[in-house]
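The values are calculated or read from the model by the stated rules, or taken from the named source; none is laboratory data. Source: prediction; values computed, not measured. Backbone-built Cβ (ideal geometry, glycine too); neighbour counts: all protein chains shown.
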Amino acid sequence: MQIDDMMETGLLRGFPLAYISGMSIKNSFIICDEAQNIGRSLIRDIVTRCGQGSKLVVLGDTNQIDVPFLDKTNSGLTYLAHNMKGSTKCAQITFTEKEYVRSALATEALSRLD
């Protein structure tokens, strides 16, 4: 119910990525989840839409790429992490297997089904 209220008042909004071209999103906290499944040009579009006063959090796991033409070497998440490394405008956090929560089944499936 709280999410519905936030959507109704405009405090929380969702944008299809296909429609963000030309936008400037100001004074917002932006979350881009599942970024391992988007390409280089789309991740660039997302980052460059951040206007004055906005913060962007990009999340993803390159072990879970679902798009046939993307892999660990060419996903937008990898591209962004590599090219923004060392920037004073961003921080990067990479979790090790011991730091993120996975079930024993999920961990085994990642190794066997890769």
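For the reader, a short list of remarks on this structure follows.
- Selection from the stretch 13-27 of residues that are modelled with pLDDT of 90 or more and either under 11 Å from the mean Cα position of the chain (by Cα) or surrounded by fewer than 14 Cβ atoms within 10 Å (Cβ to Cβ) (or both): Ser24, Lys26, Asn27
- Sole exception among (1) exposed (fewer than 13 other Cβ atoms within 10 Å of the Cβ); (2) at pLDDT 90 or above for Tyr79, by number: (1)
- The residues of the stretch 1-60 that are farther than 16 Å from His82 by Cα and charged (D, E, K, R), listed by number, are Asp4, Asp5, Glu8, Arg13, Lys26, Asp33, Glu34, Asp45, Arg49, Lys55.
- Here the condition is being farther than 26 Å from Leu113 by Cβ, touching a helix residue (DSSP H, G or I) at 6+ places or on another chain (Cβ under 9 Å) and crowded, with 18+ Cβ neighbours inside 10 Å; of Ile65, Ile38, Ile46, it holds for Ile46 alone.
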